[in-house]
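Notes follow the structure.
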Amino acid sequence: MAYDKFTTLKSTAVPLPIENVDTDQIIPARFLKATERKGFGDNLFRDWRYNQDNTPKEDFVLNDSTYSGKILVGGKNFGSGSSREHAAWAVYDYGFRCVISSFFADIFRGNCLNIGVLPVQVSAEFLQKIFVEIEKNPNTEIEVSLQEQKVTILETGELGSFDNVRRASDIAMHAGSDFIKTSTGKISPAATLPVTLVMLEAIKDYYYETGVQIGMKPAGGISNSKLALQYLMLVKETLGDKWLTNQWFRFGASSLANDLLMQLEKQRSGNYQSKDYFSKD
């Protein structure tokens, strides 16, 4: 049988935040008599999806039209239990082409790879972030790239690991970008010092390799002067004074600008003004 192939999969996802999902829960043993791989998708999570009278259980996620997609996001230790390959068949036949979890049973992982389902293991922290984003917006799309070996939450641009941040920075610069930034800054997560350091290190290595200077902007969450100073010190220590101009390093302006104006007014008058005194943004 020919299986679907992809190098990049972009899809909404179905969340199943349950740990230790075993193969008997994925496909109950009474459905294993078939020797041909037909109809297994109908019985995926059969005892969780249906009552004894075969009516759907309304509170189970596969019966909730809010969620759909080719990606199943499961809890830790997904696919434990027996070695039945029928569990992977059921996942594929239902329409899933990728399962994301923080840990897979080895045999289930192998069975998935054999029949065209990609098991993607991410950190427990990143898995939780995926669940949070899907809960906030069921239409959140996830992109799985085999070529770049990364998973991206497209709503936030979050890449899941420092290695992926470094890889994305390198790809952007070698593709011709003259400026890179942490994210849009409009959706959580905002910029963080560790991610910014990874990107600055990538810029430094690219500069030593090519002699080309690349600009950088940490976007979102830098709302006061004290935090901005930490970023400026990070730039100075990593890249040097050459990058300490608005041509090569920039902040988002609104909240930070308000705070700077408040600090200046404090120096001038000895008193702080409210944020709304300067701007309501």
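Does segment 72-83 include one or more residues that are among the aliphatic types (A, V, I, L, M) and under 22 Å from the mean Cα position of the chain (by Cα)?
Taking segment 72-83 first, the residues among the aliphatic types (A, V, I, L, M) are 72-73.
Next, from what is left, pick out any that are under 22 Å from the mean Cα position of the chain (by Cα): 72-73.
Yes, some residue in segment 72-83 is among the aliphatic types (A, V, I, L, M) and under 22 Å from the mean Cα position of the chain (by Cα).
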For this session: Check whether at least one residue in segment 129-138 is of a type outside the set (Phe, Trp, Tyr), under 30 Å from TRP243 (Cα atoms) and at pLDDT 90 or above, and report yes or no.
Result: no
For this session: Test MET233 against the criterion of being at pLDDT 85 or above, over 18 Å from the mean Cα position of the chain (by Cα), outside any loop (DSSP other than H, G, I, E, B) and surrounded by fewer than 17 Cβ atoms within 10 Å (Cβ to Cβ), and give yes or no.
Result: yes
For this session: Name the one entry in ASN20, ASN63 that is assigned by TED's automatic domain parsing to the domain that holds PHE96 and either touching a Ser or Thr at 6+ places or on another chain (Cβ under 7 Å) or over 28 Å from ILE153 (Cα atoms) (or both).
Result: ASN20
Exercise. Given (1) closer than 23 Å to GLU143 by Cα; (2) surrounded by 12 or more Cβ atoms within 10 Å (Cβ to Cβ); (3) touching a residue at least 24 places away in the same chain (Cβ under 8 Å), where does THR7 come up short, assuming only one miss?
Worked result: (2)
Problem set entry | Flag for ASN224 being in contact with a Lys or Arg (Cβ under 6 Å, 6 or more places away or on another chain) and either exposed (fewer than 15 other Cβ atoms within 10 Å of the Cβ) or modelled with pLDDT under 80 (or both) | no
For this session: Looking only at segment 173-193, decide whether some residue is among the charged types (D, E, K, R), farther than 26 Å from ILE222 by Cα and modelled with pLDDT of 85 or more.
Result: no
Exercise. Mind checking whether some residue in segment 119-138 is surrounded by fewer than 21 Cβ atoms within 10 Å (Cβ to Cβ), assigned by TED's automatic domain parsing to the domain that holds ILE18 and either of a type in the set (Gly, Ala, Ser) or under 20 Å from ASP24 (Cβ atoms) (or both)?
Worked result: yes
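The values are calculated or read from the model by the stated rules, or taken from the named source; none is laboratory data. From a predicted model like this one, the values you see are computed outputs, not experimental measurements. In this analysis, Cβ positions are derived from the backbone assuming ideal geometry, glycine residues included, and neighbour counts consider all displayed protein chains.
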